[in-house]
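First comes the structure, then the notes that go with it.
The values are calculated or read from the model by the stated rules, or taken from the named source; none is laboratory data. Every value quoted in this text rests on a predicted model; they were computed, and no experiment measured them. Cβ placement follows ideal geometry from the backbone for every residue including glycine, while neighbour counts extend to all protein chains displayed.
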Amino acid sequence: MSTPRLLLCTPASGGGKTTMTCAILQALVNRAIRPVAFKCGPDYIDPMFHSEVIGAKSRNLDLFFLGEDKVRFLLEENSRDSGLALIEGVMGYYDGIAMSHEASAYHLAKATATPAVLVVDGRGSALTLASVVQGIKTFRQDSHLQGVLLNRISPMLYPRLKACIEGETGVPVYGFLPKLTDCVLESRHLGLVTAEEVEGLKQKLQKLARQAEQTIDLDGLLALAASAPPLNAPPIPLPAPVEGRPVIAVARDKAFCFYYADGLRLLEQMGAKLAEFSPLTDKALPQESCGLYLGGGYPELFGKELGGNQPMLEAVRQAVTGGMPAVAECGGFLYLNKLLEDADGRFDWRMAGVFQARAWNTGKLSRFGYITLTAKQDGLLCRAGESFPAHEFHYWDSEMPGEDFTAQKPMSDRSWHCGWHTPTLYAGFPHFHFWARPELARNFVAAARRYQQEALL
């Protein structure tokens, strides 16, 4: 299958990838081209902006989590019947694990044979921009760099910069976006604020799309995307699904919103029925719940609301301590602590109390980055000695972070103990992608099915 596709990348973080990606996506949607969006790496927030544009879930393509074969498969599988797959890169183009290009945007472009378009911030530079493009183009012989987009430059300067870059490097320039101060996307400690929080987001997206129609060669980008070769993506074998359709309750609201779309879909493929609920506003778990999935998010911003919803806190505490299979990642793990310091550092709010511990703001990233988790004992997800890839990204810490896994940093001697792993619970700061090891998803669903059968006795 030949999937039209492009990857947008930058020389460094902060170059405007997300803004440029959303501008192009919205313009394509307005043309009824039906794009599909992806994010390189583990980031949860950028795909939320993509989803607001395309009206469908955006997916993550993470080579550390998934490997090349699964990335190609999921890219092709999710791109069927779309007019173009637009992939947003991560960090600088070549920036991967440690000081390598492993799991970088470049690695993804190479693994999927995707044309890369470099988004360059043009403020305060002229000929130097050509040197940046030339350097990235030639740093690796197979760079896949086939285009440039300029960001935050004036219409008056654009023709000269375009001629300069194309003349010096031979790389086509496909247009620009000027500085649009009223379309700036704000940041928070885990990245951008979530799409749901941006006031007037739809209006901002339409303004970006109108600008893209005026100053970006969308037809040229579509032609470049169509030049991508067919993906070599054989099917990925999956475990047999579980019978009985056990219900897994998935926390989904402003406080808990960090999930990988393909991971949720895999739980369904493994036989689960997913039922969303809000720990902020609902008073009970969904009916017939046999499993519980508490994803990451920003519970620290909603300590008062979460702490004030005592019926839900009690329902979650009773479910987890009563043996309902549960996965609680990062923010979900914070929710299971006894006390949670709020984002202002002014008050400790009472949470579910599964763990008799306090969680607080450390003021800095704690244990940040990719890791491989190896279980020290049999549990919900896997057996002792089995491993799977994961990622940590959090400012809050807990008095009881757990020690049932060994976390090993890739390409490093650094390791530590973390996480809780019992026959019915995984809880901890590391988050993971079920597609990394589909057996994890099946084991979770199978545990929910056993809980369902026991409840019927």
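A few notes on this one:
- Some residue of segment 52-64 being among the charged types (D, E, K, R), assigned by TED's automatic domain parsing to the domain that holds LYS162 and surrounded by fewer than 17 Cβ atoms within 10 Å (Cβ to Cβ): no
- Residue within segment 320-334 that is surrounded by 24 or more Cβ atoms within 10 Å (Cβ to Cβ), hydroxyl-bearing (Ser, Thr, Tyr) and modelled with pLDDT of 95 or more present: no
- Within segment 393-406, tally of residues that are surrounded by fewer than 21 Cβ atoms within 10 Å (Cβ to Cβ) and either among the small types (Gly, Ala, Ser) or closer than 12 Å to THR372 by Cβ (or both): 2
- Where a residue in segment 190-217 is within 23 Å of SER154 (Cβ to Cβ) and its partner, wherever it lies, is at pLDDT below 95 and β-branched (Val, Ile, Thr), with Cβ under 6 Å and at least six apart: LEU205/VAL53
- Within segment 360-378, residues that are basic (Lys, Arg) reach partners that are at pLDDT 95 or above and in a strand (DSSP E or B) with beta carbons closer than 8 Å, at six or more positions or on different chains, in the pairs ARG367/GLU392; ARG367/ALA407; ARG367/TRP416; ARG367/CYS418; LYS376/PHE405; LYS376/THR406; LYS376/HIS417; LYS376/HIS421.
- Of all residues in segment 118-136, those satisfying the criterion of being touching a helix residue (DSSP H, G or I) at 6+ places or on another chain (Cβ under 7 Å) and surrounded by 19 or more Cβ atoms within 10 Å (Cβ to Cβ) are LEU118, VAL119, VAL120, GLY122, LEU129, ALA130, VAL133.
- Out of ARG442, ARG383, sole residue that is buried (at least 22 other Cβ atoms within 10 Å of the Cβ), more than 28 Å from PHE302 (Cβ to Cβ) and of a type in the set (Lys, Arg): ARG442
- Whichever residue in segment 179-205 is surrounded by 17 or more Cβ atoms within 10 Å (Cβ to Cβ) and not β-branched (Val, Ile, Thr) and, among such residues, is nearest to GLY16 (Cα to Cα): LEU185
- Residues of segment 80-98 satisfying the condition of being at pLDDT 95 or above and out of contact with any Pro (no Cβ under 8 Å at 6 or more places or on another chain): ILE87, GLU88, GLY89, VAL90, MET91, TYR94, ASP95, GLY96
- Restricting segment 331-359 to residues that are among the aliphatic types (A, V, I, L, M) and in contact (Cβ under 8 Å) with a residue 60 or more places away in the chain, the residue that is nearest to TYR44 (Cα to Cα): LEU334
- Residues of segment 103-123 that are under 20 Å from ASN232 (Cβ atoms), outside any helix (DSSP H, G or I) and not polar (S, T, N, Q): ALA103, ALA113, PRO115, ALA116.
- Segment 21-63, subset in a helix (DSSP H, G or I) and touching a His at 6+ places or on another chain (Cβ under 8 Å), residue nearest to LEU264 (Cα to Cα): LEU63
- Only one of LEU294, LEU306 that is buried (at least 17 other Cβ atoms within 10 Å of the Cβ) and farther than 25 Å from GLY244 by Cβ: LEU306
- Of all residues in segment 423-444, those that are touching a residue at least 60 places away in the same chain (Cβ under 8 Å) and basic (Lys, Arg) have Cβ atoms under 6 Å from Cβ atoms of residues that are surrounded by 22 or more Cβ atoms within 10 Å (Cβ to Cβ) and part of a loop (DSSP other than H, G, I, E, B), 6 or more apart or on another chain, in ARG442/MET270.
- Applying the criterion of at least 3 residues that are out of contact with any helix residue (DSSP H, G or I) (no Cβ under 9 Å at 6 or more places or on another chain) to the strands (runs of 3 or more DSSP E) found wholly in segment 339-457 leaves 355-361, 369-375, 405-408, 415-418.
- Answer from MET20, MET99, MET91 - the residue that is hydrophobic (A, V, I, L, M, F, W, C) and in contact with a Ser or Thr (Cβ under 7 Å, 6 or more places away or on another chain): MET91
Matching residues to (1) in contact with a Pro (Cβ under 9 Å, 6 or more places away or on another chain); (2) under 20 Å from CYS257 (Cα atoms):
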site	(1), (2)
CYS330	yes, yes
LEU340	yes, yes
ALA343	no, yes
ASP378	yes, no
